[in-house]
């Protein structure tokens, strides 16, 4: 299992993890990045949330997006956050204490949302689909609970766009592309078209990092390189040289790392 498969894909099994709080801290770290905050604001704009509307956030995590959207719809509306993890729901509820916001959290499964057809004016999810075995089924379930004319907004990274500037690009390619197979971001447009969504918009979002420690925390570069050695993709000497180069670049303020994701928005047909 690789970076997105070892730790990050464990988001599908947060409650069974020996350290569930790791995932809470990870989400806080990601959300603290300005590029991520800008992307989140972009999803809110594309969602076209208005006062009095009912919004669903699937895979709501710690609930920061639910809170932001609740401030938009006001107390005459409602934002519902659903997450498969009880740990995440409990954390989101804790962070909502004392806030006068129209919010409801509940544990649930994206494949079987416990809401009647056409319940919500808009539905969103962020960084959930690349963990799913059947994203098509998940999208159709989100569409089911969204009213005709309602909006769907999904954001996903594309792990094959992960790049790190290094003196040895061939070695770097071996390490970064070892197991980082989730390219859900680029698959979203086709997924939306096959589901007959209308007015599809596609927006690329690139996160750029200049600090090795932060890049490692988000993308697990050390773990990736270690597993590449374990799987005999590269040698211990190669990984030592690779990391030494990155550390030197970091010290000289030359470290560069980036990843691109995509936000896709569509409208449910009235037919």
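The values are calculated or read from the model by the stated rules, or taken from the named source; none is laboratory data. Computed from a predicted structure; not experimentally measured. Reconstructed Cβ throughout: ideal geometry from the backbone, glycine too, with neighbour counts over all protein chains shown.
Within the range 161-185, residues that are on the phi < 0 side of the Ramachandran plot and surrounded by fewer than 14 Cβ atoms within 10 Å (Cβ to Cβ) reach partners that are part of a helix (DSSP H, G or I) and modelled with pLDDT of 90 or more with beta carbons closer than 6 Å, at six or more positions or on different chains, in the pairs 167/245. Within the set 249, 228, the sole residue that is in a helix (DSSP H, G or I), modelled with pLDDT of 95 or more, touching a helix residue (DSSP H, G or I) at 6+ places or on another chain (Cβ under 9 Å) and surrounded by 18 or more Cβ atoms within 10 Å (Cβ to Cβ) turns out to be 249. Under the condition of being closer than 16 Å to residue 238 by Cα and out of contact with any strand residue (DSSP E or B) (no Cβ under 9 Å at 6 or more places or on another chain), which residue from the range 174-185 is modelled with the highest pLDDT? Going through the qualifying residues, I end up with 174.
Annotation note: of 218, 128, 162, the sole residue that is touching a strand residue (DSSP E or B) at 6+ places or on another chain (Cβ under 8 Å), farther than 30 Å from residue 247 by Cβ and modelled with pLDDT under 95 is 128. Scanning the range 112-150 for residues that are closer than 23 Å to residue 76 by Cα, touching a helix residue (DSSP H, G or I) at 6+ places or on another chain (Cβ under 8 Å) and either crowded, with 24+ Cβ neighbours inside 10 Å or free of Cβ contacts under 8 Å to residues at least 12 places away in the same chain (or both) yields 122, 123, 124, 125.
Per the conditions (1) more than 17 Å from the chain's Cα centre (by Cα); (2) in contact (Cβ under 8 Å) with a residue 12 or more places away in the chain; (3) under 29 Å from residue 206 (Cα atoms), the sole criterion not satisfied by residue 45 is (2).
Go through the range 195-215 and give me each residue that's closer than 16 Å to residue 265 by Cβ and modelled with pLDDT of 95 or more. Scanning the range 195-215 gives 195, 196, 197, 198, 199, 200, 201, 202, 203, 204. Once the range 81-104 is narrowed to residues that are farther than 21 Å from residue 13 by Cα and in contact with a helix residue (DSSP H, G or I) (Cβ under 8 Å, 6 or more places away or on another chain), the residue that is surrounded by the fewest Cβ atoms within 10 Å (Cβ to Cβ) is 99. Taking the range 1-83 and the helices (runs of 4 or more DSSP H) fully enclosed by it, the elements with 1 or more residues that are over 30 Å from residue 229 (Cβ atoms) and at pLDDT 85 or above are at 21-31, 34-47, 64-73.
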